[in-house]
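Trainee: One structure follows; several queries about it will come next.
The values are calculated or read from the model by the stated rules, or taken from the named source; none is laboratory data. Remember, it's a predicted structure, so these values are computed and weren't measured experimentally. Positions of Cβ are generated from backbone atoms using ideal geometry, with glycine treated the same way; all protein chains shown enter the neighbour counts.
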Amino acid sequence: MIEMQQSRPVFILFLHKFSEVSKFKTKFVDFIKLTFPSSGSELLIFLFFLLSYGYLGTYIALNYRIIFDDRIPWDAYFSFDNRSIVMTGGSFERHPLSYYFFNWMRIIALWVSDGKTDAIFRLVLAWFSNIAVSLSVLQVFKYLKNIISLPLTMSILLALFFGLFSTTMILSFTPENFTYTLFLLTLYNHYSAKQLKNEKKISVFAMAASGIAIGGITITNIVKVFIPVPFEKGLYRSWKKLGNATLRIAVTCICFVLLYLNRINFNYHNIFNKTSEQYEKFSNVHSTPLWDMVMSYFFGGNILFSNFIIRDKHNMKGFEFKGLIMDVYSSWIPYIFITALLLLVFWSYFKNFGNRMVQVLMISFLFDISIHCFLKFGLHTGYIYGGHFVFVYPLLLGWLLYSYRKSPACLSSFMLVIALLLVYLACNNIYRMSEFFWFLDLYYA
């Protein structure tokens with residue numbers, strides 16, 4: 001009897017430890033199912049874009065040096081900073097923790113290429129980008145199918161629409177912060193929407209990990225990690241739930257700030273000095289009317305390629321090269337395209353105003369609009385920031401279709417409009433990509 005009483009606590013401790021391991025295993029499996037394909041249709045979507053983007057990126061990596069050239073730190077195409085990002089992760093005031101992420105990526109690429117920054121090195125970088133963007137499209141498809149519960153045909157249509165955006169096409173082979181921000185934001189939005197739909201809170205671990213990863217790559221995006229929290233069910237009816245939410249946000253901020261300060265050896269004065277310099281540098285360009293930069297660069301260029309301009313560039317060390325940037329639209333058709341798309345998006349917002357998940361998407365979108373359109377940060381190159389918000393378009397279109405599910409006539413009309421936009425998008429962007437290859441053949445072969 002005494003022996004049994006002594007062994008009971010050991011047995012209970014074993015059960016407790018086993019329960020913790022089992023719980024961790026369940027959460028890990030759930031994360032894998034959330035991130036990667038978990039059904040036949042999801043696997044087909046992922047493989048389709050992985051192979052499509054993979055072919056594009058492989059061809060560019062093996063035949064051209066534009067993805068990574070040791071002599072060109074920035075601005076070879078569309079103002080991306082490929083080499084600078086791969087080697088340093090970018091400036092600490094905007095990308096505080098991305099150095100660590102790109103450090104291991106560079107190490108792996110150099111290991112595969114036997115220490116050379118050659119075609120194999122570029123190929124590895126391109127495939128990292130390819131996988132990240134293909135997973136981003138998959139997250140959008142999962143959201144449409146599992147959160148909004150759209151029919152398979154509609155989900156595929158909107159996923160294809162998103163996959164043909166200029167942002168997704170270019171980022172699919174571009175080693176940049178935006179590439180991985182796109183993946184992390186689509187993943188987090190899918191996860192937070194799932195939690196809201198199931199009336200669950202976002203765990204402190206998920207919030208802290210997301211805040212460090214998303215905010216670490218681009219500091220302003222950490223705000224988006226907190227946007228879903230105010231929409232958790234019953235938050236304002238219980239002081240306990242409100243306190244718990246506050247604690248989760250505080251823990252995330254503390255972890256992020258400590259890692260950030262450690263990155264710069266706690267010399268926090270540099271943050272304010274550098275941030276002020278960056279704002280002055282990227283917010284005082286007046287070569288194009290404000291309304292046209294908003295329409296052609298911020299809203300338009302991230303989705304629909306405009307015509308290109310070739311500029312003379314140099315690396316400040318004597319090496320001269322050619323850079324490619326986007327111009328404003330030269331035809332009235334793209335303006336109509338963007339206007340029609342924005343009307344559908346905002347129509348969806350007002351139609352689904354009471355939907356918490358729609359509010360999360362729109363507030364996130366308005367945050368980027370405020371930074372780039374009102375504060376004008378980087379608006380003259382607004383077409384490079386799409387990785388922060390373009391996924392909102394197909395998701396809000398999905399909610400629009402869902403809201404008219406009981407009105408066949410309206411639903412068919414919206415489907416027709418989206419199909420027409422898709423056809424024009426495909427024709428325009430494929431044609432513009434042929435011009436991009438002309439540029440590569442001429443200067444980067």
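Trainee: Restricted to the stretch 390-423, and to residues that are surrounded by 14 or more Cβ atoms within 10 Å (Cβ to Cβ) and free of Cβ contacts under 8 Å to residues at least 60 places away in the same chain, which residue is nearest to the chain's Cα centre (by Cα)? Give the steps one after another, and end with the answer.
Mentor: So the first thing to find is which residues in the stretch 390-423 are surrounded by 14 or more Cβ atoms within 10 Å (Cβ to Cβ), and the list is 390-405, 410-411, 414-415, 417-418, 421-422.
Subsequent filtering for residues that are free of Cβ contacts under 8 Å to residues at least 60 places away in the same chain retains 392, 396, 400, 403-405, 410-411.
Values: 392: 10, 396: 16, 400: 22, 403: 26, 404: 28, 405: 29, 410: 31, 411: 29 Å.
Ranking the qualifying residues of the stretch 390-423, first place goes to 392.
Trainee: Is it the case that residue 46 is surrounded by 18 or more Cβ atoms within 10 Å (Cβ to Cβ) and either at pLDDT below 95 or not in a loop (DSSP other than H, G, I, E, B) (or both)?
Mentor: yes
Trainee: Moving on to the next point. When you scan the stretch 317-340, do you find a residue that is part of a helix (DSSP H, G or I), farther than 30 Å from residue 437 by Cβ, touching a helix residue (DSSP H, G or I) at 6+ places or on another chain (Cβ under 7 Å) and β-branched (Val, Ile, Thr), even just one?
Mentor: no
Trainee: Go through the stretch 69-94 residue by residue and tally those that are of a type in the set (Lys, Arg) and either under 19 Å from residue 301 (Cα atoms) or touching a strand residue (DSSP E or B) at 6+ places or on another chain (Cβ under 8 Å) (or both).
Mentor: The total comes to 1.
Trainee: Sticking with this structure for a sec: When residue 302 is evaluated against the numbered criteria (1) in contact with a helix residue (DSSP H, G or I) (Cβ under 9 Å, 6 or more places away or on another chain); (2) at pLDDT 90 or above; (3) exposed (fewer than 11 other Cβ atoms within 10 Å of the Cβ), which criterion, by number, is the only one it fails?
Mentor: Evaluating residue 302 over (1) in contact with a helix residue (DSSP H, G or I) (Cβ under 9 Å, 6 or more places away or on another chain); (2) at pLDDT 90 or above; (3) exposed (fewer than 11 other Cβ atoms within 10 Å of the Cβ) leaves (3) as the failure.
Trainee: Please find, among 210, 192, 166, 203, the residue that is touching a helix residue (DSSP H, G or I) at 6+ places or on another chain (Cβ under 9 Å), farther than 25 Å from residue 371 by Cα and not acidic (Asp, Glu).
Mentor: Going through 210, 192, 166, 203 in turn, just one is touching a helix residue (DSSP H, G or I) at 6+ places or on another chain (Cβ under 9 Å), farther than 25 Å from residue 371 by Cα and not acidic (Asp, Glu): 203.
Trainee: Let me ask something additional. Counting only residues that are surrounded by 20 or more Cβ atoms within 10 Å (Cβ to Cβ) and of a type in the set (Ser, Thr, Tyr), which one in the stretch 368-384 is modelled with the highest pLDDT?
Mentor: Filtering the stretch 368-384 for residues that are surrounded by 20 or more Cβ atoms within 10 Å (Cβ to Cβ) and of a type in the set (Ser, Thr, Tyr), the one modelled with the highest pLDDT comes out as 383.
Trainee: Can you find a residue that is without any contact (Cβ under 8 Å) to a residue 60 or more places away in the chain and either in a helix (DSSP H, G or I) or within 28 Å of residue 211 (Cβ to Cβ) (or both) anywhere in the stretch 59-67?
Mentor: Yes, the stretch 59-67 contains a residue that is without any contact (Cβ under 8 Å) to a residue 60 or more places away in the chain and either in a helix (DSSP H, G or I) or within 28 Å of residue 211 (Cβ to Cβ) (or both).
Trainee: If you don't mind, there's one more thing I want to ask. Just give me the residues in the stretch 221-263 being without any contact (Cβ under 8 Å) to a residue 12 or more places away in the chain and of a type in the set (Lys, Arg), in sequence order.
Mentor: Within the stretch 221-263, 237, 240 meet the criteria.
Trainee: Just to be sure, is residue 133 touching a residue at least 40 places away in the same chain (Cβ under 8 Å), assigned to a helix (DSSP H, G or I) and either surrounded by 24 or more Cβ atoms within 10 Å (Cβ to Cβ) or β-branched (Val, Ile, Thr) (or both)? Reasoning before the result, please.
Mentor: Numbers: touching a residue at least 40 places away in the same chain (Cβ under 8 Å): yes; assigned to a helix (DSSP H, G or I): yes; either surrounded by 24 or more Cβ atoms within 10 Å (Cβ to Cβ) or β-branched (Val, Ile, Thr) (or both): yes.
Considered against the rule, which asks whether it is touching a residue at least 40 places away in the same chain (Cβ under 8 Å), assigned to a helix (DSSP H, G or I) and either surrounded by 24 or more Cβ atoms within 10 Å (Cβ to Cβ) or β-branched (Val, Ile, Thr) (or both), residue 133 comes out as yes.
Trainee: Okay, next question. So which residues in the stretch 314-362 are among the hydrophobic types (A, V, I, L, M, F, W, C), touching a Pro at 6+ places or on another chain (Cβ under 9 Å) and touching a residue at least 24 places away in the same chain (Cβ under 8 Å)?
Mentor: Passing the criteria: 328, 357, 360.
Trainee: Based on this model, can you work out whether residue 288 counts as among the hydroxyl-bearing types (Ser, Thr, Tyr), touching a residue at least 60 places away in the same chain (Cβ under 8 Å) and not in a helix (DSSP H, G or I)? Lay out the reasoning, then the answer.
Mentor: Details: among the hydroxyl-bearing types (Ser, Thr, Tyr): yes; touching a residue at least 60 places away in the same chain (Cβ under 8 Å): yes; not in a helix (DSSP H, G or I): yes.
It is true that residue 288 is among the hydroxyl-bearing types (Ser, Thr, Tyr), touching a residue at least 60 places away in the same chain (Cβ under 8 Å) and not in a helix (DSSP H, G or I).
Trainee: Still on this structure, please answer the following. Of everything in the stretch 339-367, what is hydroxyl-bearing (Ser, Thr, Tyr) and either surrounded by fewer than 15 Cβ atoms within 10 Å (Cβ to Cβ) or under 19 Å from the mean Cα position of the chain (by Cα) (or both)? Give them in sequence order.
Mentor: Within the stretch 339-367, 339, 364 meet the criteria.
Trainee: Looking at 395, 425, 420, 400 in this structure, which one is in contact with a Lys or Arg (Cβ under 9 Å, 6 or more places away or on another chain) and of a type in the set (A, V, I, L, M, F, W, C)?
Mentor: Only one candidate passes the filter, namely 400.
Trainee: Follow-up. Can residue 78 be described as hydrophobic (A, V, I, L, M, F, W, C) and at positive phi?
Mentor: Yes.
Trainee: Continuing with this model, one more query. Being within 30 Å of residue 406 (Cα to Cα), touching a residue at least 24 places away in the same chain (Cβ under 8 Å) and out of contact with any Phe, Trp or Tyr (no Cβ under 6 Å at 6 or more places or on another chain): is that true of residue 157 here?
Mentor: Taking the combined requirement at face value, the residue satisfies it.
Trainee: Still on this structure: If you check 147, 108, which single one turns out to be at pLDDT 95 or above, touching a helix residue (DSSP H, G or I) at 6+ places or on another chain (Cβ under 8 Å) and over 20 Å from residue 69 (Cα atoms)?
Mentor: 147
Trainee: Quick one: how many residues across the stretch 49-79 are closer than 24 Å to residue 161 by Cβ, among the aliphatic types (A, V, I, L, M) and surrounded by fewer than 19 Cβ atoms within 10 Å (Cβ to Cβ)?
Mentor: Final tally of qualifying residues: 2.
Trainee: A follow-up question, please. Hey, does the stretch 23-38 have a residue that's within 29 Å of residue 190 (Cβ to Cβ), assigned to a helix (DSSP H, G or I), hydroxyl-bearing (Ser, Thr, Tyr) and at pLDDT 90 or above?
Mentor: Yes, the conditions are met somewhere in the stretch 23-38.
Trainee: Just to check your reading of the model, which residue among 176, 199 is touching a Lys or Arg at 6+ places or on another chain (Cβ under 6 Å) and either within 24 Å of residue 418 (Cβ to Cβ) or not small (Gly, Ala, Ser) (or both)?
Mentor: Numbers: 176 fails: touching a Lys or Arg at 6+ places or on another chain (Cβ under 6 Å).
That would be 199, the only listed residue that is touching a Lys or Arg at 6+ places or on another chain (Cβ under 6 Å) and either within 24 Å of residue 418 (Cβ to Cβ) or not small (Gly, Ala, Ser) (or both).
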